[in-house]
Amino acid sequence: MSDETQDATAQGAAPSEGVAEKEGFAGYELDTAREPVVVGATALFVLVFPYVFARMPVVSGILQGYQGLATLMLIWGIFALGFDLLLGYTGLLSFGHAAFWGGSAYAAGVFSQFAAESLGFEAGPVIIVVVGTLFAVLLAWGLGFLSLRRGGIYFSILTLAFAQMMFYLSSAPLSGITGGENGFTAVTVGHLFGVFELESELPSVLGTLMGTWLYAFVGLMTVVSVAVAYRILNSPYGMVFRAIRENEQRTEFVGLNVWRYKLMSFVISGAFAGVAGSLFTIHGNYVPLQSLYWTESGEIVIMAVLGGAGSLFGPMLGAGIYLYFENIVSGVRDLTVPFTDIVLLQGFGEYWHLLLGVLFVLVVWFFPRGIWGLFQDLRNRVTGGDSAAETGGER
Amino acid sequence: MALLETDGLVKEFGGLVATDDVNLTVNEDERVSIIGPNGAGKSTLINLITRRLDPTEGDIRFKGESIVKMEPHEVVQRGVSKSFQTASIFPDLTVRENAEIAALAAERGSFGFDFLTHRRKLHGVHEVAADTLDAVGLLDRAETPAEDLPYGDKRRLEIGIALASEPDLLLMDEPTAGMSPEETRSTVDLIEEVKERMGLTFVLVEHDMEIVFSISDRIVVLNRGRVIAEGTPDEIRGDEQVQEAYLGGVEL
């Protein structure tokens with residue numbers, strides 16, 4: 001592997017970076033070239049996904065997808081992406097990320113109401129996302145500070161406890177603000193950049209591909225999130241996070257402040273959850289009380305592990321699969337033999353939880369690196385196994 | 001000049017006194033070995049100095065500054081580095097990344113907000129890591145995942161990680177434990193080489209007497225937590241108390 005990368009340097013190296021890489025460290029030039037590829041591929045996917053999923057002849061008929069679900073998949077994808085920085089890379093299992101998802105959703109909603117009723121303007125989606133994310137960051141700082149006092153299972157339990165406190169706070173004591181069990185209904189979202197109505201169709205071919213302005217905005221946030229996450233993974237933080245996951249004690253004993261890096265990992269993942277939670281409010285024009293419930297924390301863990309914790313795109317894929325089961329498979333009335341009317345199983349969709357559970361167990365048993373890891377293995381087998389350059393940066 | 005001093009250092013575990021009033025001085029550019037039978041308190045002493053354990057009593061000063069109130073990473077940042085008894089490495093990371101983690105801490109401090117800085121820009125870190133890997137003879141395996149190295153090379157990498165944090169004082173806890181004779185020899189060569197090349201001050205805890213007598217300037221003998229003898233290898237060789245307590249009266 002190292003021979004190949006060194007050859008690559010010798011043949012096609014850009015001399016500008018040559019000084020630092022002089023002694024066999026060829027990997028960085030490949031990293032440099034990969035960043036635009038990763039971001040570009042994400043942008044391309046975001047561009048065509050709703051069309052393929054919801055409108056493309058034949059394919060969308062098989063998939064049964066629809067526009068709103070495509071948007072929701074990206075939103076949960078952002079949430080899963082940030083969650084994986086904590087779980088997959090730093091090795092910390094938070095069981096309370098509903099606090100940041102639901103917390104920022106409420107913050108976004110309450111802010112939009114406050115802007116409309118007291119400040120006299122309709123807050124646009126950008127500022128709503130900024131406010132929601134800021135709230136999540138501050139909350140993550142506080143809860144992280146308290147929860148990271150303990151390691152392992154105690155950390156997980158503490159995060160769960162704090163998130164449940166948030167749930168009960170918003171269900172009763174703060175119901176005057178949050179709407180209690182009815183959820184928060186007074187969301188008022190203005191136009192994007194003050195001009196574009198979110199639910200209106202995009203012009204010409206963009207409308208065919210992506211549908212609405214809302215999707216375009218969520219898609220843009222997705223691309224930005226992937227770019228930021230990928231940069232973080234290739235920054236000193238990416239290395240330190242993985243070092244903490246691998247050997248926390250050694251990381252401390254090379255002179256790194258493990259506690260502060262863990263807190264940053266928690267806060268960064270909280271920030272991604274904040275972006276996603278705010279978008280969720282904008283998308284649904286409503287914040288259900290459910291968004292703070294512990295089952296949301298559980299779902300994000302399942303998504304990340306199903307798709308492949310410790311990879312950039314795995315958890316996003318996991319989010320998509322989960323939502324597909326929850327929204328599409330659950331609606332399938334009878335399982336038939338394809339292209340016939342022979343019914344194999346009646347009421348098939350009701351079993352979606354069971355199906356997902358079986359899939360989850362199979363993945364954890366046979367592909368511990370998740371479905372994305374399975375894809376990578378298959379690709380490596382097809383391309384002859386060399387993947388140093390392909391997986392090195394984000395492994 | 002005294003680089004490291006311990007002053008009346010005591011560590012008790014419940015009723016057991018693991019370290020008993022130890023006054024140790026390590027001067028700059030000195031190679032000190034700590035020997036003693038199992039349970040003599042060697043590892044406890046090292047763990048006290050690296051701040052893995054809190055002393056019951058006494059003070060530890062590094063470069064004249066007390067370090068007993070500091071966090072382990074702060075002690076490392078001041079220049080005390082430790083190589084572990086087992087190969088304490090980052091198995092999933094590449095050899096290069098293993099060295100870079102330590103170099104990162106040395107070059108950029110214990111913490112920073114540089115999460116949007118691409119690591120290809122960390123030129124100082126790359127250089128230190130490359131130099132260190134060169135010194136421990138692992139540069140040609142830089143892109144190998146650390147877990148794929150043979151055991152001897154993992155231990156070399158472990159020493160490399162300790163060196164990459166650019167210490168003034170290196171504490172080595174049994175660097176040849178579990179090694180084959182060949183690996184032991186090459187590790188001793190490595191230590192000798194590092195000693196020459198980097199002019200490092202180090203404290204070595206070791207069982208293998210051959211190694212201890214060949215590479216130390218001074219030897220400190222511990223027994224039941226106490227220092228029972230201290231001196232040059234020749235003095236220790238001739239010390240009756242040491243032979244009695246530790247070597248069981250066997251002639252060396």
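Of note:
- Two-site FRET efficiency, residue A:146 against residue B:116, from Cβ-Cβ distance with R₀ of 30 Å, rounded to 0.05: 0.65
- Just checking the listed ones, A:342, A:321, A:75: in the Gaussian network model of chain A with Cα springs under 10 Å, the one fluctuating most is A:342.
- C-alpha long axis of helix B:95-108 to longest principal axis of chain B, angle in °: 80 degrees
- Sparse-neighbour loop sites [trypsin sites (Lys or Arg not before Pro); region B:55-141; at most 15 other C-beta within 10 Å; DSSP]: B:69
- Global form of region A:55-189, assessed from the alpha-carbon gyration tensor, a/c cut-off 1.5: oblate
- Debye, to nearest 20: dipole size of region A:254-395, +1 on Lys, Arg Cβ, -1 on Asp, Glu Cβ: 480 debye
- Both the radius of gyration and Dmax for region B:130-241 are 15.4, 51 Å, in that order, over alpha-carbon atoms.
- Taking a ≥ b ≥ c as the square roots of the Cα gyration tensor eigenvalues, region A:242-340 comes out oblate, since a/c reaches at least 1.5 and a/b does not exceed b/c.
- Region A:48-108 and region B:18-48 have Cα centres separated by 56 Å.
- Chain A - percent relative contact order, Cα under 8 Å, separation 6 or more: 26 percent
- Near-label residues of region A:110-138 by backbone N, under 12 Å of a point 7 Å along Cα→Cβ of residue A:169: A:136, A:138
- Computed FRET value (nearest 0.05) for residue B:237 with residue A:114, which takes r as the C-beta separation and R₀ as 56 Å: 0.10
- Ellipsoid semi-axes in whole angstrom, largest first, where each is sqrt(5λ) of the Cα gyration tensor of chain B: 32, 22, 15
- Links that overshoot a 25 Å alpha carbon limit, given the list B:121/B:195; B:63/B:121; A:262/B:121; B:82/B:195; B:11/B:63; B:63/B:154: B:121/B:195; B:63/B:121; B:63/B:154
- Inter-site label distance for residue A:290 and residue B:217 at 7 Å from Cα along Cβ, in nm: 7.2 nm
- Residue-averaged beta-carbon neighbours from other chains (10 angstrom radius) around B:76-82: 3
- Residues of chain A were split at every exposed loop site, defined as chymotrypsin sites (Phe, Trp or Tyr not before Pro) in a DSSP loop with at most 12 other C-beta atoms within 10 angstrom, and the longest piece left, sites excluded, is A:194-338.
- Loop sites in region B:69-146: chymotrypsin sites (Phe, Trp or Tyr not before Pro), DSSP, at most 12 other Cβ within 10 Å: B:113
- Projecting the Cα atoms of B:13, B:110, B:233 onto the dipole axis of chain B, where Lys and Arg carry +1 and Asp and Glu carry -1 at the beta carbon, places B:110 farthest toward the positive end.
- Of all the options B:140, B:54, B:20, the one that moves most in a Gaussian network model of chain B with Cα springs shorter than 10 angstrom is B:140.
- Solution diffusion estimate, µm²/s, Stokes-Einstein, region B:89-175, Kirkwood Rh from C-alpha pairs, 20 °C, viscosity 1.002 mPa s: 164 µm²/s
- Computed over every Cα-Cα pair of region A:32-306 and binned at 10 Å starting from 0, the pair-distance distribution P(r) comes out as 7, 28, 33, 23, 8, 1 percent.
- When only alpha carbons are used to place a centre, region A:291-310 and region A:329-346 end up 29 Å from one another.
- Each semi-axis of the equivalent ellipsoid for region B:12-76 is √(5λ) with λ an eigenvalue of the Cα gyration tensor; in descending order they amount to 19, 16, 10 Å.
- Taking a ≥ b ≥ c as the square roots of the eigenvalues of the alpha carbon gyration tensor, region B:51-143 is prolate, as a/c is not under 1.5 and a/b beats b/c.
- GluC sites (Glu not before Pro) restricted to region A:245-316 and DSSP loop, no more than 10 other C-beta within 10 Å: none
- 18 Å reach of a label modelled at residue A:191, 7 Å along Cα-to-Cβ, counting backbone N of region A:100-138: A:116, A:120-128
- Rounded to the nearest 500, the helix-only mean residue ellipticity at 222 nm of chain A stands at -21000 deg cm²/dmol, with each DSSP H run of n ≥ 4 adding -39,500 (n - 2.57).
- Across chain B, C-alpha contacts under 8 Å between residues 6 or more apart give a mean separation that, scaled by the residue count, equals a relative contact order of 26 percent.
- Taking the Cα centre of chain A as reference, the dipole from Cβ charges on Lys and Arg (+1) and Asp and Glu (-1) amounts to some 720 debye.
- FRET E, pair residue A:127, residue A:383, Förster distance 35 Å, beta-carbon r, rounded to 0.05: 0.15
- Relative contact order for region B:1-115, counting Cα pairs under 8 Å that sit 6 or more residues apart, in percent: 24 percent
Taken together, the values in this text are just the output of simple stated rules run on the coordinates, not laboratory data. Quick caveat: nothing in here was measured; it's all calculated off a predicted structure. We place every Cβ from the backbone using ideal geometry, glycine too, and count neighbours over all the protein chains shown.
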